[in-house]
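**Q** First the structure, which I've put down as structure tokens, then a few questions once you've had a look.
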Amino acid sequence: MANRLQTKEAVAHSLALSGRERAALASPHRWRMPLAITPYYAALLELEPPDGPLRRTVLPDEREGTHGAGEQMDPLGEEAHQATAHVVRSYPHKALLLVTTECACFCRYCTRARRARRGTPTDLAPALAFLRAESGIQDVLISGGDPLVLGNEVLGDLLQQLRDIPHVDFLRLGSKVPAVLPQRITHELPRLFKRFRPLWISTHFTHPMELTPPVAKACARLSEAGIPLMNQTVLLRGINDTAETLRELNEGLLRIGVKPYYLHQGDMAAGTAHLRSSIRRGRCILKALCGNTTGYAIPHFMLDQPGGGGKIPL
Ligand SMILES: *Cc1c(COP(=O)(O)O)cnc(C)c1O
């Protein structure tokens with residue numbers, strides 16, 4: 001990912017910026033996490049006006065440096081529920097396996113900004129030993145970071161080790177790669193995934209602008225390999241928090257074979273108040289969608305409770 005945009009100079013060189021965007025890029029000490037944008041996604045940002053919705057999801061904002069009331073570095077209490085290195089267990093039968101700290105693109109509203117780093121390797125041996133020993137764990141969510149930044153060989157080896165655990169029935173991969181680097185979904189990758197079914201992918205699409213022809217092709221390849229695709233969206237203020245935008249997104253996802261699964265209320269991650277919409281607004285949107293679109297296009301609106309109480313439907 002050498003040609004990613006990861007410096008303010010690279011971004012300023014590629015995009016016409018607003019004064020606000022330029023000011024935020026000039027103050028990296030106020031950023032809540034590193035900057036990284038794939039060239040593919042930067043080309044989408046170029047189609048938007050300055051301050052456009054996709055830009056706001058990946059370009060830093062000066063308000064990131066402000067910690068609002070009730071905000072936390074670890075809003076979901078994941079450190080408290082860390083069962084062993086790189087494993088979060090908030091439910092008895094499910095485990096979240098954090099396989100890398102790296103992503104193709106860093107989302108500014110990330111709930112795990114505290115862990116986001118470029119290019120640091122993760123030793124998963126103790127985590128795999130833990131999952132083998134805990135016979136109550138039936139469902140493993142492979143997340144990070146973004147697991148699809150790992151090479152095919154590393155991914156294949158990891159999936160094989162998880163498949164070899166008799167009590168693990170369900171494997172899920174959480175990834176924004178189909179949205180920000182659809183070229184990663186080569187012919188080879190779905191072939192590899194096919195060997196480890198039942199394997200599910202939770203995608204992360206945020207806005208209808210992301211549903212491009214290369215994305216449709218990437219999703220089709222995964223579906224053709226028998227990998228069901230479920231989407232998670234974060235409700236983001238001024239970006240996707242209208243019924244029209246979410247209807248267009250969710251119907252567009254269905255058209256490319258992706259089921260809208262969760263719409264997440266933005267959590268209390270430090271420095272994200274400017275991106276967080278409200279529960280009230282989210283409920284109004286859900287109400288407006290119900291009955292006005294196919295039922296398959298309606299996700300569950302979820303709140304991940306502060307401190308690690310788990311997810312509750314709103
Ligand atoms: C969200 C989450 C899961 C998975 O929840 P589902 O509702 O089954 O999708 C598992 N573990 C943790 C820690 C989570 O945050």
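Readers should treat all values here as calculations from the given coordinates under stated rules, not as data from a laboratory. Not measured: the values here are computed from a predicted model. All Cβ positions, even for glycine, are placed from backbone atoms using ideal geometry, and neighbour counts span all protein chains on display.
**Q** If you take the residues of the stretch 267-300 that are within 24 Å of TRP200 (Cβ to Cβ) and in contact (Cβ under 8 Å) with a residue 60 or more places away in the chain, which of them is surrounded by the most Cβ atoms within 10 Å (Cβ to Cβ)?
**A** PRO299
**Q** I would also like to ask the following. Yes or no: the stretch 32-48 includes at least one residue that is more than 16 Å from the ligand (Cβ to nearest atom), touching a strand residue (DSSP E or B) at 6+ places or on another chain (Cβ under 9 Å) and more than 16 Å from VAL11 (Cβ to Cβ).
**A** Yes, the stretch 32-48 contains a residue that is more than 16 Å from the ligand (Cβ to nearest atom), touching a strand residue (DSSP E or B) at 6+ places or on another chain (Cβ under 9 Å) and more than 16 Å from VAL11 (Cβ to Cβ).
**Q** Restricting attention to helices (runs of 4 or more DSSP H) lying wholly within the stretch 1-50, give those where 3 or more residues are surrounded by fewer than 19 Cβ atoms within 10 Å (Cβ to Cβ) and without any contact (Cβ under 8 Å) to a residue 24 or more places away in the chain.
**A** 8-14
**Q** Go through the stretch 177-205 and give me each residue that's surrounded by fewer than 24 Cβ atoms within 10 Å (Cβ to Cβ) and under 20 Å from VAL58 (Cα atoms).
**A** PRO182, GLN183, ARG184, SER202, HIS204
**Q** Still on this model: Output the residues belonging to the stretch 137-153 that are in contact (Cβ under 8 Å) with a residue 24 or more places away in the chain and more than 10 Å from the ligand (Cβ to nearest atom).
**A** Within the stretch 137-153, ILE137, GLN138, ILE142, GLY144, GLY145, ASP146, PRO147, LEU148, VAL149, LEU150, ASN152 meet the criteria.
**Q** Within the stretch 67-119, how many residues turn out to be assigned to a loop (DSSP other than H, G, I, E, B), more than 14 Å from the ligand (Cβ to nearest atom) and in contact (Cβ under 8 Å) with a residue 60 or more places away in the chain?
**A** Residues flagged as assigned to a loop (DSSP other than H, G, I, E, B), more than 14 Å from the ligand (Cβ to nearest atom) and in contact (Cβ under 8 Å) with a residue 60 or more places away in the chain within the stretch 67-119 amount to 15.
**Q** For the stretch 291-314, which positions are under 21 Å from ARG237 (Cα atoms) and assigned to a loop (DSSP other than H, G, I, E, B)?
**A** Residues satisfying the conditions are ILE298, PRO299, GLN305, PRO306, LEU314.
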